[in-house]
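Enquirer: A single structure is presented below for examination.
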Amino acid sequence: MNIEGKKAIWKDYQKEIADDKYYYVRSCVRQNFFPGSETAFLKIMREELKKDVYEHPCHTSCSGIGYHSDIVPVETTMTIVARQFAIMTEAGYENLLPSCITSFGLYTEILDTWHHFPEIEEKIRVQLKKATGREFNKPKNLAHASDVIYKFRKEIAAKAKFKLINKNTGEPLKVVDHIGCHYAKMFPSKGVGGAEYPFVLTGMIEEWGGQIIDYPERRHCCGFGFRQYLVQANRGFSIACSKEKFESMKPYKPDMIITNCPGCPMFLDRWQYVINEMEGKRYGQNGEGIPVFTYEEVAGLVLGYNPWDLGLQMHQTDCEPVLDKIGIEYSPEDKYNTKINVEYSKNHNLINV
Amino acid sequence: MGKFGFTISKGRQIDYDSNDRSIAAYIFEREPSFRLCIECGGCSATCTTGNLTKFSLRELNILIKRGENDQVRESIGKCMLCGKCTLVCPRGVNTRNIVSLAKKAFQLTDGYAI
């Protein structure tokens with residue numbers, strides 16, 4: 001691999017990311033999968049970086065999950081998205097900051113559609129006005145939450161209490177990055193680094209001390225694919241995609257996986273458990289699984305947050321091996337305890353315990 | 001094994017790095033006309049076995065070249081070695097000899113005749 005050549009290409013795919021005053025829209029599935037991530041993101045943005053991130057209680061799902069599952073028609077989706085824009089406009093914000101990769105892809109797709117077909121935009125404006133009495137301005141800047149963390153990666157590194165370095169060997173942790181398909185595969189110019197060389201997670205990991213692994217199936221989908229998973233009869237295809245990736249990355253002995261999509265950490269994490277149950281295979285070192293993190297969780301760990309406040313107890317492939325390697329102290333007794341001393345229900349058959 | 005209501009689908013990717021192409025190499029060495037095949041399917045069209053079963057010599061040639069030997073093993077025994085395919089081949093490939101050599105190569109590898 002010619003590293004210099006890749007870095008030169010990455011330079012051509014930079015995008016404009018707003019500095020401050022963000023209007024944050026959450027992911028509908030993420031709060032169930034890894035609920036600590038969005039909380040950690042808001043904490044990092046507001047308390048560490050002192051940025052203005054506004055979140056309106058009336059915003060909804062972008063309906064992208066229904067659109068990509070062939071359930072919600074595109075005009076309905078566009079009207080729902082127009083309502084999100086209307087609430088943003090009413091709140092006085094112009095920089096849209098979606099937490100979800102599919103939302104990001106959908107907003108990009110809709111804005112691009114309206115750019116090429118202004119008559120559709122007019123039609124949606126009329127529909128929204130009739131349905132809700134609202135009007136909207138289109139966002140001036142659209143950046144995914146991982147873009148913003150990427151933008152402020154150096155500031156986070158400056159405040160870091162830990163680095164992604166194995167404390168026993170002094171070597172950087174070997175990290176696999178996995179970018180959501182809807183981030184840059186649909187509109188390469190809208191992602192940092194484009195579709196072939198997305199740099200958004202690589203930039204964070206390299207800044208925080210880790211080493212990125214370039215492996216053959218690096219750009220392969222995690223397998224979620226909406227209908228591939230949502231229809232039970234298709235789940236064999238979903239898990240086969242994840243397995244393809246695990247088989248491909250295993251020889252490079254990764255310590256952890258970092259993702260920027262709601263579905264990818266879910267499936268790369270849970271499918272490891274299912275493959276272990278079905279075939280008895282694990283893909284990490286010493287018979288362990290490979291812990292999977294969201295970028296907010298990694299940023300939180302680097303900043304020294306308590307792993308259980310980040311929601312790492314929700315992972316099926318346990319994260320303790322990575323915490324031990326970095327040297328993060330944690331209390332195993334508190335893993336399933338809430339702050340009001342009510343115990344969480346525990347996952348069963350965990351990997352790495 | 002846990003019951004999940006589904007199983008892991010097998011990949012249909014053709015992996016040239018892990019496939020065993022020794023059978024193809026054995027044939028290429030002894031029957032150079034194998035390289036001339038343009039996969040037109042004339043052999044399959046005239047094949048008596050192919051008219052009565054799913055057997056296809058064109059498919060067989062492709063599978064041998066790819067090194068997907070398990071599928072070749074399953075179907076090669078259906079060939080009756082009548083030689084009609086050789087007569088119609090527009091490239092003059094000795095298809096009959098390819099089948100004979102493949103069977104011989106499998107016999108050498110597996111230790112028994114197909």
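Please treat every number below as a calculation from the coordinates, not as lab data. As the structure is a computational prediction, the values presented were derived from the model and not from experiment. Virtual Cβ from ideal backbone geometry, glycine too; neighbours counted across all protein chains shown.
Enquirer: I need the GluC sites (Glu not before Pro) found in region B:15-66, filtered to DSSP loop residues with at most 14 other beta carbons within 10 Å of theirs.
Expert: B:E39
Enquirer: In terms of Cα to Cα distance under 17 Å, which aspartates and glutamates are near enough to A:K339, apart from those fewer than 8 places away along the same chain?
Expert: A:D309
Enquirer: Let me ask another. Among DSSP bridges having both ends in the protein assembly as shown, what percentage is antiparallel? Round to the nearest 5.
Expert: Percentage antiparallel, nearest 5: 10.
Enquirer: For region A:135-145, what does the Karplus curve 6.51 cos²θ - 1.76 cosθ + 1.60, with θ = phi - 60°, yield as ³J(HN,Hα) per residue in whole Hz, taken in order and with x for Gly and Pro?
Expert: Ordered by residue, 3J(HN,Hα) equals 10, 8, 9, 6, x, 7, 9, 10, 9, 6, 4 Hz.
Enquirer: Separate question: Between rounded, prolate and oblate, where does region B:22-110 land on the alpha carbon gyration tensor, with a ≥ b ≥ c its root eigenvalues, rounded for a/c under 1.5, else prolate if a/b exceeds b/c?
Expert: It comes out oblate by the Cα gyration axes.
Enquirer: How high is the relative contact order of region A:183-297? Use alpha-carbon pairs under 8 Å, at least six apart in sequence, and give a whole percent.
Expert: Computed over region A:183-297, the figure is 21 percent.
Enquirer: How many nm is it between the label spots at A:M186 and A:E75, if each spot is 7 Å from the Cα in line with the beta carbon?
Expert: With each label placed 7 Å out from Cα toward Cβ, I get 2.0 nm.
Enquirer: Hey, another quick one. How large is ³J(HN,Hα) for each residue in region B:48-61, as worked out from phi by the Karplus curve 6.51 cos²θ - 1.76 cosθ + 1.60 (θ = phi - 60°), to whole Hz, x for Gly and Pro?
Expert: Taking θ as phi minus 60°, the curve returns 5, 4, x, 6, 9, 9, 7, 4, 9, 5, 4, 4, 4, 4 Hz for region B:48-61.
Enquirer: Still on this model: Separation between the A:Y215 and A:T338 pseudo-spin-labels, each 7 Å from Cα along Cα→Cβ, expressed in nm?
Expert: Output for this residue pair reads 3.7 nm.
Enquirer: In whole Å, how far is the Cα centre of region A:276-351 from that of region B:1-22?
Expert: 30
Enquirer: Follow-up question, since we're still on this one. I need the calculated FRET efficiency for the pair A:E48 and A:R227, taking r as the beta carbon distance and R₀ as 60 Å, to the nearest 0.05.
Expert: Plugging the Cβ-Cβ distance into 1/(1 + (r/R0)^6) gives 0.95.
Enquirer: Sticking with this one: Among A:246-254, A:58-66, A:21-29, B:80-88, how do they line up by average Cβ neighbours within 10 Å per residue, starting with the highest?
Expert: Highest mean packing first, the order is A:21-29, A:58-66, A:246-254, B:80-88.
Enquirer: Order the peptides A:335-341, B:40-46, A:291-297 from the highest to the lowest mean number of other Cβ atoms within 10 Å of their residues.
Expert: A:291-297, B:40-46, A:335-341
Enquirer: How big is the convex hull of the Cα atoms of the protein assembly as shown, per residue, in Å³?
Expert: 215
Enquirer: What's the ranking of A:302-309, A:159-166 by average number of surrounding C-beta atoms within 10 Å, highest first?
Expert: Going from most to least packed, we get A:302-309, A:159-166.
Enquirer: Still on this structure, please answer the following. Percent of Cα-Cα pairs per 10 Å bin, from 0 to the last occupied bin, for region A:111-200, please list those.
Expert: Whole-percent P(r) values from 0 Å outward: 13, 28, 27, 18, 10, 5, 1.
Enquirer: List the chymotrypsin sites (Phe, Trp or Tyr not before Pro) in region B:1-57 that DSSP assigns to loop (not H, G, I, E or B) and whose Cβ has at most 14 other Cβ atoms within 10 Å. Which are they?
Expert: B:F4, B:Y16
Enquirer: Continuing with this model, one more query. What distance in nm separates the simple spin-label points at A:K281 and A:N141, each placed 7 Å from Cα in the Cβ direction?
Expert: In this crude spin-label approximation the distance works out to 4.4 nm.
Enquirer: Another question, then. Average partner chain C-beta neighbours within 10 Å, per residue of B:3-15?
Expert: 5
Enquirer: Taking A:K154 as the anchor, which lysines have their alpha carbon closer than 19 Å to its alpha carbon, excluding any fewer than eight residues away along the same chain?
Expert: A:K7, A:K11, A:K15, A:K43, A:K50, A:K51, A:K163
Enquirer: Mind computing the radius of gyration and Dmax over the alpha-carbon atoms of region A:1-127? Å is fine for both.
Expert: According to the Cα coordinates of region A:1-127, Rg and Dmax are 16.8, 52 Å.
Enquirer: Then there's this: For B:K65, which aspartates and glutamates qualify as cross-link partners when the Cα separation must be under 17 Å and same-chain residues fewer than eight apart are set aside?
Expert: Here the aspartates and glutamates satisfying the reach criterion relative to B:K65 are B:D15, B:D17, B:D20, B:E29, B:E31, B:E39, B:E74.
Enquirer: For a Förster distance of 22 Å, can you work out the FRET efficiency between the beta-carbons of B:Q107 and B:L87, rounded to the nearest 0.05?
Expert: 0.25
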